[in-house]
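Written below as structure tokens is the structure these notes are about.
The values are calculated or read from the model by the stated rules, or taken from the named source; none is laboratory data. What you are looking at is a predicted structure, and each value in this text was computed from that prediction instead of being measured. Here the Cβ is made from the backbone with ideal geometry for all residues, glycine too, and neighbour counts use every protein chain on show. Each accessible area value is taken on the protein alone, full model and side chains, heavy atoms only, with ligands, DNA and RNA left out. Shrake-Rupley method; radii C 1.70, N 1.55, O 1.52, S 1.80 Å.
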Amino acid sequence: DKADIGVTGLAVMGRNLARNFAHHGYVVAVHNRTEERTNQFMDDYRDEGSFLPSGSVQDFVASLNRPRKAIIMVKAGGPTDAVIEELAAHMEPGDMIIDGGNANFADTRRREAALKERGLLFVGSGISGGEEGALNGPSIMPGGDAEAYKTLGPLLEDISAKVDGTPCCVHVGPDGAGHFVKMVHNGIEYADMQLIAESYDLLRQAQGLAPAEIADVFREWNQGELESYLIEITAEVLGHVDAETGKPFVDVVVDQAEQKGTGRWTVQSALDLGVPVTGIAEAVFSRALSGHPEQRAAARALAGPNGTAAHANLVEDVRRALYASKIVAYAQGFDQMVAASEEYGWDIDLGAMATIWRGGCIIRARFLDRIREAYDADRRLPTLLVDPTFAEALTAAQDSWRRVVATAATIGVPTPGFSSALAYYDALRRDRLPASLVQGLRDFFGAHTYRRVDRDGSFHTDWSADRSESPA
Ligand code: 6PG
């Protein structure tokens, strides 16, 4: 008569997770800082399953079966620390605290280490899928001790989304690995949305298609290799008409994109790890640019074309440019997981990450099956771009991709996602990069030294005297 699992923090995500556990036959302890919300929860959902409500943290912890498993679904940052502290005070060694919010992985590492010293298991877990996913099956990315996953994992797998019978939940790795992977998921989500937005913008500007017509284009694209949740809902949003004005919904929404920060964190971490996640970075910066109305107003008078383009088969070219740029953005995100896995000793299984992103989460897509296959075929793939299937797709797309970027530049439509993805692709495949000149300049002004193509070691040229070269 005690609970199998508890949820504290009954805002919409916590509420739906608790209901999801109950729907799967678990006894669920529920708690919220303001008790009214717990009472409301019981009024609304008591008939859906077995819930044990508590008015205090102490009672909440006491209502859990041992080893206790308490999921916290509260705001990232200070509020999460406060709740962890309260729970931990009433827990005993072997008990588990699971943070299902969008925590920064560095915080998760710190919390995990601190709780471990007190004998408690801390599981930082990414949970994706929004309200609907939390209720009907999210994608779950739990980190933390493998020991914790042994008892907790089966419950999480039970409530997760399933694709072909496989749960969209797997133990990601120790300490902050789960939240790191969720962060990269969100970064990729930003990149996906940016590429979708550029596609829409280009079709509208270059050929004057109306939002409702572009909605049909996306609906059609969703039948092919681009099939995904985000492409599907793009058709919904573009097809929506504002009830009050009769205008397309996209024309009445303020064009300043907001963010809660996971995309920014992804780029910050990528900078530290030295991984060029240009697709995600362009998406984050595009949101930032959109949010500067004064600068945008001042710049409106600057010169530039504002025309349409006679671009044959633009729709199909944009589709291919979108697909190619998407491959680049995912390749970069997966590179970042490789780098972090090495840096923090997480041993992340990339194929498994693609597997649990196939369903439940925001970036769920048919495409992720291909990524899984790529890593199944070669665990040590240097970059997703060279997987034979993706290399072939890029070959098929590249002429279209180049035409799209050229058209966009010619008529003055910004496509930072498409353009930077193409630049990345071209840079990566170059035999020689102009980085050699950068090295020469660094050596000239700061004696920063360089390596030679023809022998080992570092060298410096005496630029201010006779330009003789010496080993550094
Ligand atoms: C998910 C989402 C979710 C996130 C939104 C909003 O996986 O369910 O990623 O966790 O909160 O994507 O993020 P921004 O407000 O930063 O756009």
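Tabulated data
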read-out: Angstrom value of the Kirkwood radius, inverse mean 1/r, which spans all Cα pairs in region 178-305; value: 16.4
read-out: Candidate lysines - alpha carbon under 23 Å from residue 2, same-chain residues fewer than 8 apart omitted; value: 69, 150
read-out: Residue-averaged [θ]222 nm for the chain, counting only DSSP H segments that reach four residues, each worth -39500 (n - 2.57); value: -17500 deg cm²/dmol
read-out: For region 17-160, average projected area of the Cα convex hull in nm²; value: 7.7
read-out: Stokes-Einstein diffusion coefficient of region 53-110, Kirkwood radius over Cα pairs, 37 °C, 0.692 mPa s, in µm²/s; value: 277
read-out: For residue 51, distant residues with modelled amide H under 5 Å away; value: 28
read-out: Set of lysines near residue 75 by C-alpha distance (under 16 Å), chain-local residues within fewer than 8 positions excluded; value: 182, 260
read-out: Charge dipole of the chain about the Cα centre (unit charges at C-beta), most positive-ward option of 458, 78, 468; value: 468
read-out: Reference-scaled alpha-carbon Rg (2.2 N^0.38 Å with N residues) for region 1-69; value: 0.95
read-out: Charge dipole magnitude, Cβ of K and R +1, D and E -1 - region 176-257, Cα centre, debye nearest 20; value: 200
read-out: Dipole of the chain [Lys/Arg +1, Asp/Glu -1 at C-beta], most positive-end residue of 176, 34, 288; value: 288
read-out: Net charge dipole size for region 126-200 [Lys, Arg +1 and Asp, Glu -1 on Cβ; Debye, nearest 20]; value: 100
read-out: Residue-level accessible surface for residue 118, protein heavy atoms, 1.4 Å, Å²; value: 110
read-out: Relative contact order (percent, whole number), the chain, Cα cutoff 8 Å, 6+ residue spacing; value: 12
read-out: Range in the chain, longest, excluding exposed GluC sites (Glu not before Pro) [loop by DSSP; at most 14 other beta-carbon atoms within 10 Å]; value: 1-226
read-out: Only Lys, Arg (+1) and Asp, Glu (-1) charged, at Cβ; the chain dipole about Cα centre in debye; value: 680
read-out: Percent carbon-and-sulfur accessible area, the chain, ignoring ligands, DNA and RNA, probe 1.4 Å; value: 50
read-out: Inter-centroid distance (Cα atoms) of region 279-322 relative to region 171-196, Å; value: 25
read-out: Cut-off 12 Å between beta-carbons: net charge of the residues surrounding residue 250, Lys and Arg +1, Asp and Glu -1; value: -3
read-out: Accessible solvent surface per residue of the chain, calculated while the other protein chains remain in place, 1.4 angstrom probe, Å²; value: 47
read-out: Binned Cα-Cα distance frequencies in the chain - 10 Å width, integer %; value: 4, 18, 25, 22, 17, 9, 3, 1, 0
read-out: Average projection area in nm² (convex hull over Cα atoms of region 132-205, one quarter of hull surface); value: 6.2
read-out: Cα centroid separation, region 5-46 to region 50-125 (Å); value: 16
read-out: Size of region 106-236 as Cα extents on the principal axes (Å, biggest first); value: 63, 31, 22
read-out: Selection from 245, 268, 221 lying farthest towards where the dipole of region 213-278 points positive, charges on Cβ; value: 268
